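Asker: Just dropping this structure here.
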Amino acid sequence: MRLSLILAGLLSLLLAGGHTWWGLVNAMPGLSAIPALERASFEVSWHQVAATLAVGGLALILAGAGRIRSPALPGFILTVYAANFLVFLAFVASRYPQVLARTVPQFALFLLMLALIALGTLGRRRAT
């Protein structure tokens, strides 16, 4: 059992729920004024992130508990999450710096989750 992967998976599920809830409460109502195509693009992208976090979280929990025995899975999830994080950071830092200040708690939790996945992935490689 790899506790760091289980904790990362739980954190991923928490972030998925928070992302969905925060979006429904704070972001989606403000979209009513924009055209349907742009609104749909935003909403689909928003919920794809939440779905990725939810599915990845479940996979990390199962991998950490030894129910999924793919040594590459945590590294793959780490790569997908890190790529999404870097895209977010690049766009926010360059175009919407005011948003970064409003997302510090999520930012910190996401970094912690990435560190836990890396720890679980590296710990597995050292043990083999």
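The values are calculated or read from the model by the stated rules, or taken from the named source; none is laboratory data. Not measured: the values here are computed from a predicted model. FYI the Cβ positions are ideal-geometry reconstructions off the backbone, even for glycines, and counts take in every protein chain you see.
Asker: Take Ile34 and tell me if it is among the β-branched types (Val, Ile, Thr), surrounded by fewer than 17 Cβ atoms within 10 Å (Cβ to Cβ) and farther than 18 Å from Phe88 by Cα.
Answerer: yes
Asker: Please name all residue pairs, on different chains or six or more residues apart, with Cβ atoms under 7 Å, provided the first residue is in the range 99-116 and is exposed (fewer than 13 other Cβ atoms within 10 Å of the Cβ) and the second residue is of a type in the set (Val, Ile, Thr).
Answerer: Val99/Val92
Asker: Just checking, how many residues over the range 47-69 are β-branched (Val, Ile, Thr) and touching a residue at least 40 places away in the same chain (Cβ under 8 Å)?
Answerer: Qualifying residue count for the region: 1.
Asker: Which of the residues that make up the range 93-128 are at pLDDT below 85 and closer than 18 Å to Thr52 by Cβ?
Answerer: The answer is Thr103, and nothing else.
Asker: Please work out which one of (1) of a type in the set (A, V, I, L, M, F, W, C); (2) more than 18 Å from Arg102 (Cβ to Cβ); (3) surrounded by 16 or more Cβ atoms within 10 Å (Cβ to Cβ) is the condition Leu15 fails and give its number.
Answerer: (2)
Asker: Also: Mind checking whether some residue in the range 38-58 is within 26 Å of Pro105 (Cβ to Cβ), surrounded by 15 or more Cβ atoms within 10 Å (Cβ to Cβ) and polar (S, T, N, Q)?
Answerer: The answer is yes, given that some residue of the range 38-58 is within 26 Å of Pro105 (Cβ to Cβ), surrounded by 15 or more Cβ atoms within 10 Å (Cβ to Cβ) and polar (S, T, N, Q).
Asker: For the range 73-92, name all the residues that are under 18 Å from Val55 (Cα atoms) and surrounded by 11 or more Cβ atoms within 10 Å (Cβ to Cβ).
Answerer: Once the filter is applied, which keeps residues that are under 18 Å from Val55 (Cα atoms) and surrounded by 11 or more Cβ atoms within 10 Å (Cβ to Cβ), the range 73-92 yields Leu73, Pro74, Gly75, Phe76, Ile77, Leu78, Thr79, Val80, Tyr81, Ala82, Asn84, Phe85.
Asker: Here is a follow-up. Residues in the range 46-94 that are aromatic (Phe, Trp, Tyr) and within 18 Å of Met113 (Cβ to Cβ): how many?
Answerer: The number of residues fulfilling the criteria is 4.
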